[in-house]
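Values in this text are rule-based calculations from the coordinates and carry no lab data. Please read all numbers here as calculations on a predicted model, not as lab measurements. Positions of Cβ are backbone-derived with ideal geometry, glycine not excepted, and every protein chain shown enters the neighbour counts.
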Amino acid sequence: MPVISTVLKRVLSEKLAESIARPLPGATPRRVRGTVYFPGKATAVTGVRRGGKTTFVHQLRADRIREGVGQEQLPYINFEDERLAELQADQLGFLVEEYGRRFPDILENGPVYWSLDEIQVVPGWERFVRRVLDTGGNEVVVTGSSAALLSREIATALRGRAWEVPIYPFSFEEALRHQALDLPEDSQFLRPSERARMEGAFEAWLSTGGFPEAQALDSPTRHQLLRDYVDVAMLRDVIERHRVGHVAGLRWLVRHLLGNPASSFSVEKFYRALKSQGFAISKDTIHELLAHLQDCFLVRLIWMESVSERQRMVNPRKAYPIDSGLIPVFDRSDRKNLGHALETAVLIELQRRRADVTYVKTPSGYDVDFLARDTAGHIDLIQVCADAADPATAERELRALVEAGEAHPEARMILLVLNRDGSPPESPAGIVVQPAWEWMLNG
């Protein structure tokens, strides 16, 4: 084994011992759609920083313990520790050797369920993971806050031997459980007081967002915490990881995208705006920065629905923050902005459900917020409007859905509103009108 310093040995040994001896932390259980484990593959848990990846890993370990697996078979190492800054991939073998000294029978007969948190900070980590997977039926869970980084390494070194599991900030359902609030058994049949409680909780969640640490904080404290999250993501996941030199341009881009949620974004227009402010930045650099922000989950981008790749490319994308709680932090208009928060929350819920999402531009120029294809191939056309009670507003939103439905006759048409009071006076046959919180809880 390559030479490894005494300090690194001590830190790794301590972390290994603690993970086996220390009780697992308790937390609100996360609900994840789809398969988590795939035989012979590493489970790659990805998501925005502070969104709950580590908690989910401990949840998976706790599930194994309930299945009868001993905690000594569940080593957990968090590599985002400044004491491990010099660690190299060829030194990771020390972990297996140290584990073997403590538990020789388990190492020999297996399996060992390794959890490797923020492993991407160790250059070349994927070779070590592949070697562990090839030994004795072991399982490996890795986490990372960069989808592109993980996917590149998985594709090149793990050769398809990884299964990505994205983790998002709390959904509305998870936020209710985190607050120990009862979930309605059937949201269609609630007493007025129960419905008012759900509507109030939903509106509060739209403003607070789903970051676990941000729950129950007052607004000034929460806003500072979320600013810190964004700053750390920019520093660690963009500037340091990708050696970004145009930091001022990056900050302008982040403020623009997070402060203008659910809006169309054109690189050309943003380039001209920066140029008018005296910034010397290229369009290619803006494209790269945009990709980095998407990769670290800070921003979500969706394309226009089209069978023509050229048409998709020439039309602007729509940009959303990863969490509606970021909107009041960066939106300087002082408006409540419930509509954009609602639209953002619906997009993230669709992605949480692993749907493929685009937006629709109809032949007459109307917009429909989302066309969502779920994993079974079902298609939903979803229009989001906080308040469609005004007849003129309802006519505009429903007209867009009807025309989009003509182009996609196989799709279900849905209008999501903030609450029942925001429902339109009447709607065409075939369009489902539903409060967004009911849609989220019933999905």
(request) Can you give me the P(r) profile for the stretch 200-310? Cα pairs, bins 5 angstrom wide beginning at 0, each as a whole percent. (result) 2, 10, 19, 20, 18, 14, 10, 6, 2, 0
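Could you line up Lys318, Lys9 from fewest to most neighbouring Cβ atoms inside 10 Å? Before the final figure, lay out each step's value.
Details: Lys318 23, Lys9 14.
Result, fewest neighbours first: Lys9, Lys318.
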(message) Only Cα pairs within less than 10 Å get springs; with that Gaussian network setup on the chain, which residue of Pro111, Pro25, Pro75 has the largest fluctuation?
(response) Pro25
(request) Provide the per-residue ³J(HN,Hα) series for the stretch 297-311, in order, calculated from phi with Karplus coefficients 6.51, -1.76, 1.60 and θ = phi - 60°, each as a whole number of Hz, with x at glycine and proline positions. (result) 6, 6, 10, 10, 10, 10, 8, 6, 5, 6, 7, 9, 5, 5, 5
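Taking the Cα centre of the stretch 6-167 as the origin, how large is its charge dipole in debye, to the nearest 20, when only Lys and Arg (+1) and Asp and Glu (-1) carry charge on their Cβ atoms?
Numbers: 23 positive and 21 negative charges, 107 e Å.
That gives the stretch 6-167 a dipole magnitude of about 520 debye.
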(message) Can you sort Tyr320, Tyr99 from fewest to most other Cβ atoms within 10 Å of each residue's own Cβ?
(response) Tyr99, Tyr320
(request) Restricting to the stretch 353-443, compute how many DSSP beta bridges are antiparallel as a %, nearest 5. (result) 45 percent
(message) For Cα pairs less than 8 Å apart in space and 6+ apart in sequence, what is the mean separation divided by the residue count of the stretch 179-283, i.e. the relative contact order in percent?
(response) 12 percent
(request) Report the one residue of Ala355, Ser423, Trp439 whose Cα lies farthest in the direction of the positive end of the charge dipole of the stretch 353-443 (charges on C-beta: Lys and Arg +1, Asp and Glu -1; origin at the Cα centre). (result) Ala355
(message) Only four residue types carry charge here, +1 at the Cβ of Lys and Arg and -1 at the Cβ of Asp and Glu. Report the dipole size of the stretch 353-443 about the Cα centre in Debye, rounded to the nearest 20.
(response) 260 debye
(message) Run the helix sum for the chain: -39,500 (n - 2.57) per DSSP H stretch of 4+ residues, divided by residue count, reported at 222 nm to the nearest 500 deg cm²/dmol.
(response) -12500 deg cm²/dmol
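How do Ser219, Ser207 line up, fewest other C-beta atoms within 10 Å first?
Working: Ser219 11, Ser207 16.
Lowest count first: Ser219, Ser207.
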(request) Classify the stretch 353-443 as rounded, prolate or oblate from the Cα gyration tensor: take a ≥ b ≥ c as the square roots of its eigenvalues, call it rounded if a/c is under 1.5, otherwise prolate when a/b beats b/c and oblate if not. (result) oblate
(request) Identify which of Arg161, Arg131, Arg49 has the largest mean-square fluctuation in a Gaussian network model of the chain, with springs joining Cα atoms closer than 10 Å. (result) Arg131
(message) Taking the 0 to 90 degree range and rounding to the nearest ten, how far is the long axis of helix 391-407 tilted relative to the main principal axis of the chain, both from C-alpha atoms?
(response) 60 degrees
(message) Need the list of aspartates and glutamates near Lys41 for cross-linking: C-alpha distance under 19 angstrom, and skip anything on the same chain fewer than eight residues off.
(response) Asp63, Asp117, Glu118, Glu126, Asp134, Glu139, Glu153, Glu164
(message) Using the Karplus curve 6.51 cos²θ - 1.76 cosθ + 1.60 with θ = phi - 60°, what ³J(HN,Hα) values do you get for each residue of the stretch 12-19, in whole Hz, with x for Gly and Pro?
(response) 5, 5, 5, 5, 4, 5, 4, 5
(message) Of the candidates Gly278, Gly245, Gly200, which one comes out as most mobile in a Gaussian network treatment of the chain with C-alpha springs shorter than 10 Å?
(response) Gly278
(message) As I understand it, the value is the acute angle between the Cα axis of helix 219-232 and the longest principal axis of the Cα atoms of the chain; what does it come to in degrees, rounded to 10?
(response) 60 degrees
(request) Search the structure for amide H atoms under 5 Å from the amide H of Asn78, placed 1.01 Å from N in the peptide plane, and list their residues when 5 or more places away or on another chain. (result) Asp117
(message) Students often get this wrong, so try it: which of (1) 33; (2) 37; (3) 41 is percent of Cα pairs over 33 Å apart as calculated from the structure shown?
(response) (3)
